[in-house]
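The values are calculated or read from the model by the stated rules, or taken from the named source; none is laboratory data. As the structure is a prediction and not an experimental result, all values here were calculated from the model. No Cβ is skipped: glycine too gets one built from the backbone with ideal geometry, and neighbour counts run over all protein chains shown. What goes into the accessible areas is simple: the full protein's heavy atoms, side chains included, and nothing from ligands, DNA or RNA. Shrake-Rupley method; radii C 1.70, N 1.55, O 1.52, S 1.80 Å.
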Amino acid sequence: MKTTLTRGLMNVLPMALSLWLFWSLFESLDALGGLLLSLLGIMHPWVGSGFMLVIALVFIAGLLFSVSPFAWGWQKVESALMRFPLFKSVYGSIRDIASLMNRDGQPSHQQVVLVKQANGGYVVGFIMTHTVPAPVAAALGDDDWVPVLFQLSYQMAGVTSLVRRADLIPVDWPFEDAMRFNLTAGLSKT
């Protein structure tokens, strides 16, 4: 009985949590759109109308960002706000994470690598960029260093270490599959 219960839980729980997460996101966006509709004096006509409004507004924003004058104006506003240190840290981090998801059909520049540890084991890491900030490069000297992200399991957190390029073993493994492997502590079946 215990095995059957566990099997049921392991199959139903991920689906239930995923559906709950997406439903919660849908309800939140629908409520936001409903608020915008009520500000315009329109009562919420049907469930999902607010969600459709939010999706339409995001699509229109995407269209506007493809027009040079709007993109130029946005860049000016963004650079003015980036003068505030706290805003710069929070906004910059969110923008960088969003840029990881938006590749516009471009190939991934993140390289999966293995780094040998002192005990003879290996850690899966990701070269996220091939450049080191100038002050760090000056402090490290002439060696070819790259920042390598070591993703922590079951978290969005990770540790970035500077590693000599010569100490890296490139792996021909899609970034998404390797990230899934790291995030699930090797339990993913991809």
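Yes/no per residue for (1) out of contact with any Leu (no Cβ under 7 Å at 6 or more places or on another chain); (2) modelled with pLDDT of 90 or more; (3) over 30 Å from Pro147 (Cβ atoms):
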residue: Met43; (1), (2), (3): yes, no, yes
residue: Val54; (1), (2), (3): no, yes, yes
residue: Phe65; (1), (2), (3): yes, no, no
residue: Arg83; (1), (2), (3): yes, yes, no
residue: Ile94; (1), (2), (3): yes, no, no
residue: Ser99; (1), (2), (3): yes, no, no
residue: Asp104; (1), (2), (3): yes, no, no
Original post:
What number of residues within region 154-178 satisfy the criterion of being more than 27 Å from Leu140 (Cβ to Cβ) and out of contact with any strand residue (DSSP E or B) (no Cβ under 6 Å at 6 or more places or on another chain)?
Top reply: 7
**OP:** Kindly establish whether Gly186 is touching a strand residue (DSSP E or B) at 6+ places or on another chain (Cβ under 6 Å) and either without any contact (Cβ under 8 Å) to a residue 60 or more places away in the chain or open to solvent by 30 Å² or more (accessible area, probe 1.4 Å) (or both).
**Re:** no
Original post:
For region 29-46, which residues satisfy the criterion of being part of a helix (DSSP H, G or I) and open to solvent by less than 70 Å² (accessible area, probe 1.4 Å)?
Top reply: Leu29, Asp30, Ala31, Gly33, Gly34, Leu36, Leu37, Ser38
**OP:** Could you identify the single residue in Ala134, Ala139, Ala157, Ala166 that is closer than 16 Å to Val113 by Cβ and of a type in the set (Gly, Ala, Ser)?
**Re:** Ala166
Original post:
Can you pull out the residues in region 128-154 that are more than 15 Å from Phe175 (Cβ to Cβ) and under 16 Å from the mean Cα position of the chain (by Cα)?
Top reply: Leu152, Ser153, Tyr154
**OP:** Residue by residue through region 1-51, note down the ones that are within 31 Å of the chain's Cα centre (by Cα) and on the phi > 0 side of the Ramachandran plot.
**Re:** Gly48
Subject >> Pairs, first under 22 Å from Gly50 (Cα atoms) in region 1-27, second surrounded by 10 or more Cβ atoms within 10 Å (Cβ to Cβ), C-beta under 9 Å, six or more apart >> reply: Phe26/Gly48; Phe26/Phe51; Glu27/Phe51
Subject >> Identity of the residue in region 145-183, small (Gly, Ala, Ser) and free of Cβ contacts under 8 Å to residues at least 60 places away in the same chain, that ends up nearest to Met10 (Cα to Cα) >> reply: Ser153
Original post:
Across region 76-89, what is the total count of residues that are assigned to a helix (DSSP H, G or I), open to solvent by less than 90 Å² (accessible area, probe 1.4 Å) and over 20 Å from Thr129 (Cα atoms)?
Top reply: 6
